[in-house]
Each structure stands twice: as C-alpha cells, then as structure tokens.
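This is the structure I have questions about; it appears just below.
The values are calculated or read from the model by the stated rules, or taken from the named source; none is laboratory data. In this text the structure is predicted, and so the values were computed from the model without any measurement. No Cβ is skipped: glycine too gets one built from the backbone with ideal geometry, and neighbour counts run over all protein chains shown. Areas reflect the complete protein model, heavy atoms only, side chains present, ligands, DNA and RNA absent. Shrake-Rupley method; radii C 1.70, N 1.55, O 1.52, S 1.80 Å.
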Amino acid sequence: MDAALCGMTKVEGKDGEVQVSDLVQGKTCVGLYFSAHWCPPCRGFTPVLAQLYTKLKENNQSIEIIFVSSDRDENSFKEYFNEMPWHALPFSERDLKAKLGEKYGVRGIPTLIILDKDGNIKDAEARGTAQNCPGDKLPDKWC
C-alpha cells in the first residue's frame, strides 16, 4: 500500500494526525478523493460520498477515504474538510498531492479512486459507482 500512496505516512483526522499504516490496516479498500472547495461538481458530490461513507461505516464495511485537496489555500481546505467524515492528506503536502494525481492520471475533479488492501486499483471511476450504491455493503467492484 505504501507505493500506491506514494509514501504517504500521515493524514489529518478530526482529532489530529493519524499514521496511514494504522488507518488502512485491515481495510478491504481505500479511496482517494481528489476534490476542492471551489469546484461546483465537487461541492455536489461530497455530500453524496459523505452519506455513503457514513452508511458503509454504520454497516461495518471495511473502507477508508483520504481527501486529496486541490484547494487554492489552506483556509479553503480546512473549511471544506470540516464537511467530510474521513481523513485528509495535509494541505502542506503539495508535492505528494501532485505525485498522487500523476500516478492515478487525475485530469479533473471530483475524482474518486478505490484501491484494494494491496494498493491495486479496483475502481478508477468510483464516483459513478458511489452515486449508485445504497450503502448496505461495499460495491462488488470495490471488493
């Protein structure tokens, strides 16, 4: 998973920093959510994804999501991240954000990439999958 996350070691949580290795340990899948506060389609999709994530967690599904911000400044990042129930790559990690975007061919936002526990891509266009998932269990494409 380390190579799949380009060496990401820490993420921000609501209660401070979390080690990525602890966050993803034992998870069936990990989502990388490329998004930004200034992006209208992102602002529309984030609540949908947040609701799905919350339902999946309530149903004991093994998933984590990491927000990878394309915001223009840290204040916008913080404001937007406050709306999300998952973790985030620290805004200061701009080089790592660029590496992740390049590795996964992100050409536009919002983009949701789902990786399996070994870091292999399970769903490179997971936004559409997420929009059609009821939340009782992980979509088959993600397992």
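Could you work out [θ]222 nm for the chain from helices alone, using -39500 (n - 2.57) per DSSP H run of at least four and dividing by all its residues? Round to the nearest 500 deg cm²/dmol. Working shown, then result.
Values: 5 runs with 48 residues, N = 143.
It comes out at -9500 deg cm²/dmol, rounded to the nearest 500.
Suppose all protein chains stay in the model; what accessible area per residue would a 1.4 Å probe give for the range 2-132, in Å²? Mind dumping the intermediate values first?
Working: 6470 Å² over 131 residues.
Normalised by residue count, the accessible surface of the range 2-132 is 49 Å².
To continue, here is another question. Under 1.5 on a/c is rounded, so check that first for the range 77-143, then, if it is not, pick prolate when a/b is larger than b/c and oblate when it is not; a ≥ b ≥ c are the square roots of the alpha carbon gyration tensor eigenvalues.
Details: a/c = 1.94, a/b = 1.34, b/c = 1.45.
Oblate is the answer for the range 77-143, as a/c is 1.5 or above yet b/c matches or exceeds a/b.
I'd like the isolated cysteines in the chain, meaning no second cysteine's beta-carbon lies under 4.7 angstrom from theirs.
6, 29, 133, 143 - these cysteines have no disulfide-compatible partner (Cβ-Cβ under 4.7 Å) in the chain.
Find the all-direction average of the projected area of the Cα convex hull for the chain, expressing the result in square nanometres with one decimal place. It would help to have the intermediate numbers written out before the result.
Values: hull surface 29.9 nm².
For the chain, the mean projected area of the Cα convex hull comes to 7.5 nm².
Please state the shape class of the range 1-51: rounded when a/c is under 1.5, otherwise prolate if a/b exceeds b/c and oblate if not, all from the C-alpha gyration tensor. Mind showing how you got there, number by number?
Details: a/c = 1.97, a/b = 1.84, b/c = 1.07.
Cα axes put the range 1-51 in the prolate bin.
State the percentage of accessible surface on the range 14-71 attributable to carbon and sulfur atoms; use a 1.4 Å probe and exclude ligands, DNA and RNA.
On the range 14-71, the fraction of accessible area on carbon and sulfur atoms equals 47 percent.
Check every DSSP H run in the chain and write down those whose alpha carbon atoms cover 24 angstrom or more along the long axis and whose mean Kyte-Doolittle hydropathy is -1.0 or greater. Walk me through the intermediate numbers first.
On the way: long enough: 40-58 (28 Å, -0.24).
Span-like helices here: 40-58.
Compute the Rg/Rh shape ratio of the range 42-91: radius of gyration over Kirkwood radius, all on alpha-carbon atoms.
We get a ratio of 0.99 for the range 42-91.
Provide the gained length on full extension for the span residue 92 to residue 78, in nm with one decimal, where the gain is 0.36 nm per separating residue minus the Cα-Cα distance.
Numbers: separation 14, 0.36 × 14 = 5.04 nm, distance 1.16 nm.
Contour length minus the Cα-Cα distance gives 3.9 nm.
Same structure again: Once you mark the GluC sites (Glu not before Pro) that are in a DSSP loop and have at most 14 other Cβ atoms within 10 Å, what is the longest gap between them in the chain?
Numbers: sites that count: 83, 125.
Longest site-free region, per DSSP loop and neighbour criteria: 1-82.
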